[in-house]
Amino acid sequence: MQEIYLNTVQDFNDYHGLPTLHPMVSVVHVENTEHIKPCTMHYGLYAIYLKETKACKLSYGRTPYDFDEMTVTSFAPGQTVMVEPAPDVPFAKFSALVFHPDLLNRTPLAKQMSRYDFFDYTSTEALHLSNQEVDIFQGVLNMIEQELHRAIDKHTRELIVSNIELLLNYCLRFYDRQFITREEINHGVVKKFITMLDEYINTQGQKDGLPTVARFADKCCLSTGYFGTLVKTETGRTAKDLINDRILCKAKELLQSESLSVTQISELIGFKYPQHFIRFFKSLTGKTPSQWRVA
C-alpha cells in the first residue's frame, strides 16, 4: 500500500495536481478521473473534507468511518488514515480546506483549537450535512478561496484565519445538531455504557484497576472524544463524572460493611494505593472514608 506524507500545503496540492496559491492554506475541488488507489495518508496538516460521493472508505486502524455523500471528515497533524476505494463508486469528488498549523501562530484561534474536538473523532461517525448546511459550508470555503486569489497584503492572513474559525464554529454547530437528531442512537450508547460500567465496578475493578473513559469508548466502537461529547450531550454530565459517581456509590456500599478495611475497599474498587482512594472520596464528599463510615 502506498504511503503518502502530507506535511505541507505544497505536498497536498502536488498530490492532487493543483497549483499552490498560498504556502500555508489551500482550498481545493477535486473530481478524479482516475480510480482511487489504496494508500495510507500521514497528515502534518489540518484537513477538512466535504465528500460529495461514496468514493472511498476511510479507517483509523480497525475502525471504519461512517462515510456517505455530503459528509465532512476532519484530520489533524499527526494522524494516519487508511484509504480504500469503494467498488461501486471508484472516483472521488470532494472539496477540501487544508492549512498548516503554523498559519495559526500568534493568533487567537491557535489557543482555541482544542475546542474543535471533532479533529479527534477517530470514530464511526462523520458529520452528515443537510442541504442548507452544505450551502453554508461551501459558502465559507468560497470566501477563503476568494481571498487566496487576491494579492497578499497585510489583511490576508487575518481574513483567512477568521474564516477558518468561522468554518470550524459552524462544524461545531452542525455536530451539536447531529447529536440531537441521533438522540435515540445516542441514548442506546449511554445505556450500554452505564450497564458496562456497573458490571466492571462490581466484577473487574480489583483485577483491572479503575475504569476509564477510553475503555468504554472502545467498547462502543467510538473514539474517546466523540464518546465523551455524546455522553455529555445526552446526559448533561461528562463520562468521567458518571464513572466517579458509580465508583463513589460502590465505595459507600462497601463502607457499610465493617468487616472490610479502607485499604481492602480501595483494592476492591480498583485503586492502586489507599491514599488515592481516600483523596478521591474526600474530594467528592468532604469526608474521608473513615469519617463517612462513623458519621
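Computed from the coordinates by the stated procedures, all read-outs in this text should not be read as laboratory data. Keep in mind that what you see is a predicted model, and the values were worked out from it rather than measured. So basically every Cβ, Gly included, is an ideal-geometry build from the backbone, and we count neighbours across all protein chains shown.
Amide hydrogen proximity for residue 7: with H placed 1.01 Å from N in the peptide plane, the residues at 5 or more positions away or on another chain lying under 5 Å are 44. Across the chain, Cα-Cα pairs more than 36 Å apart make up 32 percent of the total. With each label modelled as a point 7 angstrom along the Cα→C-beta vector, the residue 153-residue 263 pair spans 7.5 nm. Within the shell of other residues whose beta carbon sits under 12 angstrom from the beta carbon of residue 244, the net charge comes to +2, with Lys and Arg scored +1 and Asp and Glu -1. Each other residue within a Cβ distance under 15 Å of residue 279 adds +1 if Lys or Arg and -1 if Asp or Glu, for a net charge of +3.
Each helix, a run of at least 4 DSSP H residues, gives -39500 (n - 2.57); summed and divided by the residues of the chain, these come to -15000 deg cm²/dmol at 222 nm. Computed from backbone phi with θ = phi - 60° and the Karplus coefficients 6.51, -1.76 and 1.60, the 3J(HN,Hα) list for the stretch 227-236 is 4, x, 5, 4, 5, 5, 5, 6, 10, x Hz; x is used for glycine and proline.
The gain in end-to-end length when the residue 42 to residue 181 segment is fully stretched comes to 46.8 nm, 0.36 nm per residue minus the alpha carbon separation. Where Lys and Arg each count +1 and Asp and Glu each count -1, what net charge lies around residue 20 among other residues with Cβ under 11 Å from its Cβ? Charge balance in the 11 Å sphere: -2.
One decimal place: the segment residue 218-residue 31 gains 63.8 nm when fully extended, by the rule 0.36 nm per residue minus the C-alpha distance. One decimal place: the segment residue 138-residue 256 gains 36.4 nm when fully extended, by the rule 0.36 nm per residue minus the C-alpha distance. Mean-square fluctuations from a GNM of the chain, with a 10 angstrom spring cutoff on Cα atoms, peak among 200, 46, 273 at 273.
Distance from the alpha carbon centroid of the stretch 128-200 to that of the stretch 210-278 works out to 31 angstrom. At an R0 of 45 angstrom, the distance between the Cβ atoms of residue 290 and residue 3 translates into a FRET efficiency of 0.20. Cross-linked pairs 207/250; 207/272; 37/219; 250/287; 219/282; 37/93: Cα-Cα separations exceed 21 Å for 37/219; 219/282. Peptides 160-167, 236-243 ranked from most to least packed, by the mean per-residue count of other Cβ atoms within 10 Å: 160-167, 236-243. Mean-square fluctuations from a GNM of the chain, with a 10 angstrom spring cutoff on Cα atoms, peak among 52, 258, 133 at 258.
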